[in-house]
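Student: Would you mind keeping the following structure in view while I ask a few things?
The values are calculated or read from the model by the stated rules, or taken from the named source; none is laboratory data. Nothing here was measured: the structure is a model prediction, and the numbers come from that model. Cβ placement follows ideal geometry from the backbone for every residue including glycine, while neighbour counts extend to all protein chains displayed. To get the accessible areas, we keep the full protein, side chains included, count just its heavy atoms, and leave off ligands, DNA and RNA. Shrake-Rupley method; radii C 1.70, N 1.55, O 1.52, S 1.80 Å.
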Amino acid sequence: MNFEIILSWNGYKQALQVMADTFKNLKVWKVKFDNGEEVVLFKCGKEWFQRNEDGLEYGLLKEIGQKIDHILLGIALS
């Protein structure tokens, strides 16, 4: 599943490409920024996490996770 989210962060809007994937039996989301940077996020319970080598600020990680949750909820209800 591929989709795009629009994120408002630090006073500007940015379009992010999100692709659902599986890594070692774990559902992950690869998020690609406009500048080409790519991070991998995963959810455990209600909390969002990132790989050790990805350096997102906690607030940004939480915001992206909430956007993904919102999209997945919309898909589940349709």
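Student: From the set of residues in region 23-48 that are over 18 Å from Ile71 (Cα atoms) and in a strand (DSSP E or B), which is most open to solvent (accessible area, probe 1.4 Å)?
Tutor: Going through the qualifying residues, I end up with Phe23.
Student: Among (1) without any contact (Cβ under 8 Å) to a residue 60 or more places away in the chain; (2) within 14 Å of the chain's Cα centre (by Cα), which single condition is Asn52 missing?
Tutor: For Asn52, the failing item is (2).
Student: Right, next: Provide a single number: the residues in region 1-22 that are closer than 16 Å to Lys67 by Cβ and open to solvent by less than 100 Å² (accessible area, probe 1.4 Å).
Tutor: Result for region 1-22: 13.
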